[in-house]
Structures are given as C-alpha cells and as structure tokens.
Amino acid sequence: MRIGAPDQAPSGISTDVTSFLRKPQMLIGGKSVSGSGETFDVHNPADGSVLANVPSAGKADVDDAVKAARAALDGAWSGMPAAERTRLMLKLADLIEENGEELAQLETLENGKSIMMSRLIEVLSSAEYLRYMAGWATKIRGETLDVSIAIPPGTKYTAFTRKEPVGVVAAITPWNFPLNMAVWKIAPALAAGCTVVLKPAEETPLTSMRLAELVREAGFPDGVVNVVTGDGGTGAALVKHPGVNKITFTGSTETGKLIGIQAMQDVKSVTLELGGKAPMVFFDDMDLSLLGPATGIGVFLNTGQTCCAGTRLYIQKGIYEEALATLKGIVSSLSIGPGLDPAHHINPVVSAKHHKHVTSAVKKGIADGATPLLDLSVPNGGGYFVAPQLFTDARSGSSLMQDEVFGPVATITPFDSEDEAVAMANDTRFGLGASVWTRDINRVMNLVPRIKSGTVWVNSHNIPDQNMPFGGFKQSGLGREHGSGALDNYLETKSVCVAYS
Ligand code: NAD
C-alpha cells in the first residue's frame, strides 16, 4: 500500500502488516529462512505487547549468510554491469514507496515512533537515499598517474588506480531509525559492488526483514543482500567471521569500541557511527522565534532517540530568562502518546530496558543536583513512555552532561562569552553534531572551526542530507557516511603500474 498523508492517522493496521507479523523470516542466499530454531520476541513499545516472534541467528546461520554473500560476490554480482546495479537499486526504491504505508506502520509498531516520522524518514527518505546512491554506481572511477621511476634506464611507466569493491560487508544497525539506517549502509555498499549481510537491532528487526522481501522482489541475485536477526551475539559472530571484509556499524560508542578492537584483530576495514551529546549554542542576537522549531527538531525529534539530538542547550545570558520561559511553555505543550496517532509529539521509547535507562538517568541527574523544570505525566497503559524534561543547574562533569540519555531530556546552561560557549560545547568525549544560533555571520565563520564536531548546523539542527558527509569527531565514530565519499567506505584502491619501452 502506498504511503498515507504524513499527518493522517491510519484507519487501522493494514492486513499486509498483520499477515507479515505472523512469520517474519531472515533472508539467506535468496531464501526466506527461520534459521537454527532459536527465536525471540519483538515488542510494541506503545503497550508492551508481543508483536512477532523472530529467528535468532546462530553461528551456523551467520556462516551460511556470509558464504551466500561471498558466492554472490564471486558470481552474478561482480559480473553485472554497474548500470544494472543502478536499475536494481532504483527498483528497490520504488518498491519501498509502493509498500510504504505497510513499512511505516511496521516501523511505528516495532519502534514506537510517530507514524509521521516513519512515513517521512524511514520510508520516503530511505527511498530517496537509495536513488541518490544508485546514481553513484556508474560513476566510480580511478585516476591516471605520472610516475618518476627510471629503472632500468629507458623504461617508461604509467600508473593508474582502480576502485574495486571491498568484498562482503557486515552491516550492523541500531534501533532508533531501523529502516533508514539499514538503507544508509546497504545502498552505498551495493553501489560500490559489494554484497551485504545486514544484522538489524534485536528491538527492531521487522522493517529490515520486510526490506529483505522487497530485495527479492526487486530481482537482486541471490545472496547479494542477506538479513540475519538476533542480538549482540549474532552481531559479534558476524564481525568475527573470516569471510567478512568490511564492517559498517551504527550504534553505541561502547559496542563500537568492541567491534573496532575485533576488526583490528583481523585487520578488517571498519566504519563506526557512534553516540553523541550535541550542544546547541544560542546567542543573544538569535531570532528567538526559532527556539520552538530548534527544540522540536533538535531535542525532541524521535523522542530524543537521535544520535545528534541537542541534549546540552547553552543560552547566552542576555536572552536566558526569556528563552527559559519560552522553552518551558513549548515543552509543556508537547502531546505524549502512541506513535500511530500523528498528533503526538512524544512517543514511547523503544523498549522496557531503554525506559529503565532513561528514567534512571533522569533520577541520577536530580540526585547529582540538576533542577527539573517540568512536571509532566505520561499515559497509563503499559507503554514505555517517558515525559520530556529540561534541567537547569546540571554540573558540567555530571553524567547528565556527559553520557547519552537517548530520550526526551536536555540540560540548559547559561554562558557569557563566545570563548566560554566554545569550551562548554567541546566539553564532552563525543563530537557528532552541534549547532550555533545567531544572526552574525562573522561569529559563525569564526566559531565553526573551533567546534569539534562532524557536523555544525547554523540556525538549524538535526538535518542530515544524503549529499552531506555525516559522522563523528572524537568518540562519535570513524569515517563518514553519505555523499560520494560514502562509496569509498566500500571500495579498495588498487594501483596498476604499467612498464613500456
Ligand atoms: P547498541 O550498540 O546497543 O546496538 C547496536 C547494534 O549492535 C545492534 O544491532 C546490536 O545487536 C549490535 N551489537 C551489540 N553488541 C554487539 C557486539 N558485541 N558485536 C556486534 N554487534 C553488537 O546501540 P543501540 O542501543 O541499538 O543504538 C543506540 C546507539 O546508537 C546510541 O548510542 C546512538 O547514539 C547510536 N547511533 C548513532 C548514529 C550515528 O550515525 N552516529 C545513528 C543512530 C544511532
């Protein structure tokens, strides 16, 4: 079913969704499979109910998937012209849109997020991402190089580089944007000519499993894309597998470090997109009417479960009191409820485990001396709801200011000078996203180089684009996704040196 209007509540769960939920399967070597027999439940965060029972891939399943990816790489896929790869990717993008409403409902059911977000980001932006990356498949190129070697005398040389697919890619994704993150990895890998084993997060495997069905329907050769489901154990087995050439991971910094260590054991190429603790720096001269959209998109988008969510708000003293009152008003007016009703701004967090993490972080923040500004209640009924919360008085070294809460929670701190703002913004081990809010272009141009962050937004926040490199400084990651550079994550450079006389 094609996607509904973004802001319209679905009239009911689609029958395609209910029938898919009866037996979601993995995809290995072009076949839908249930794996070794172990299973786990996927829950609906809106009420805690069990949505589906899903295979838990063991080592043998992971081995099958990697072998299938290898066979495809050595067979049909490497023999296929790049233009055909483009066509298949475009077909997959169309299928995502054609089945968009079903995918959006599935995403909201498993993740809890607003159906509007599922439609706009998980579905439509994923389809656009595939189309963008599909275009690069036919534009991979090397260079010709003059070389200065003169041995033996009289011999001439010309060198050139070839870009070749790195091989079998293990793609491991988090739960916060499940379909979108899967596409961010699969699309450049396929454009580069790699094959993929995708392991989605155990909280939200369903849209990746449905994507696997669409991969088959699009006509990709068997084994080009494989999807195995399971927890961190399945992910670890995939990372360690000797048949994997490249690991691309998005998730927490803690897991990223473990994966990086394992990757280096085998000297495998690795891209890590990790956590964040983004500052939003509001100067006295900002357009105060932007404060609402700034916090709506910057802080509370996806119920704060966004890696570059603004979680540390720094406000210059001249506007501090006015901004504080405005922020309190804005946050108090946010509606809290299930994601299937697009009228709600704050939805349940993804799981019971994460609910505990967020509520504990809030309690610890208060115990550490931070002052909560709001006292909002959440709906009853078994869902994993957390009220949005803003804190003042948080200490710079406290956990609330240093660790990811990954929920609808932010701190507010006043500052005097630009130098103070820069020091505060950089006072974290993370460096994924940051934003600066001012009308002064000179200030912007001087501040941007001083902020240690993979992206700095100016008078905006949390706006990734497929053409704009995205990734982290410091402990927020290694490498960049998006743009033409994303393909380099999946390509090896081979130098070819030709002697002639
Ligand atoms: P997580 O690290 O717990 O899990 C991510 C994935 O890794 C899951 O699929 C999980 O099963 C798998 N995994 C866990 N242990 C593993 C191991 N030892 N070996 C291999 N795989 C393993 O992260 P999460 O809680 O799912 O996601 C939230 C985190 O993701 C946050 O820290 C957030 O900031 C980060 N994130 C970053 C970006 C980015 O682009 N930088 C984007 C989205 C989310």
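Of all lysines in the structure, those lying under 23 Å Cα to Cα from Lys353, and not within fewer than 8 positions of it along the same chain, are Lys113, Lys199, Lys257, Lys277, Lys363, Lys364. For trypsin sites (Lys or Arg not before Pro), the sites in the stretch 113-169 that DSSP calls loop and that have at most 11 other Cβ atoms within 10 Å are Arg141.
Defining a contact as two alpha carbons under 8 Å apart and six or more residues distant in sequence, what relative contact order in percent does the stretch 278-465 show? Don't skip to the answer; put the middle values down first.
On the way: 352 pairs, mean separation 56.8, N = 188.
Relative contact order for the stretch 278-465 comes out at 30 percent.
Pairs from the table (Lys185/Lys240; Lys23/Lys59; Lys163/Lys474; Lys91/Lys185) lying more than 23 angstrom apart at Cα are Lys163/Lys474.
Quick check: the angle from helix 178-191's long axis to the longest principal axis of the chain, C-alpha only, nearest 10 degrees? Relative to the chain, helix 178-191 is tipped by roughly 30 degrees.
Projected onto planes of every orientation and averaged, the convex hull of the alpha-carbon atoms in the chain covers 25.4 nm². Can you give the angle from 0 to 90° between the axis of helix 100-111 and the longest principal axis of the chain, with both taken from C-alpha atoms, to the nearest 10? Approximately 60 degrees, to the nearest 10.
On a 0 to 90 degree scale, rounded to 10, what angle separates helix 206-218 from the longest Cα axis of the chain? Once rounded, the angle reads 30 degrees. Here the stretch 483-501 and the stretch 1-40 have alpha carbon centers that stand 40 Å from each other. Rolling a 1.4 Å probe across the protein heavy atoms gives the stretch 1-89 an accessible surface of 50 Å² per residue. For the stretch 165-222, relative contact order (Cα pairs under 8 Å, six or more residues apart, normalised by length) works out to 40 percent. On a per residue basis, the stretch 278-465 carries 39 Å² of accessible surface, using protein heavy atoms and a 1.4 Å probe.
Based on C-alpha pairs under 8 angstrom that are at least 6 apart in sequence, the stretch 337-437 has a relative contact order of 24 percent.
Nonpolar atom fraction for the stretch 1-94, defined as the carbon and sulfur part of the 1.4 Å probe accessible area, stands at 51 percent.
The values are calculated or read from the model by the stated rules, or taken from the named source; none is laboratory data. On a predicted model such as this, the values are computed, not experimentally measured, just so you know. With ideal geometry, Cβ positions are generated from the backbone for all residues, glycine too; neighbour counts draw on all protein chains shown. Ligands, DNA and RNA are excluded from the accessible area calculation, which covers all protein heavy atoms including side chains. Shrake-Rupley method; radii C 1.70, N 1.55, O 1.52, S 1.80 Å.
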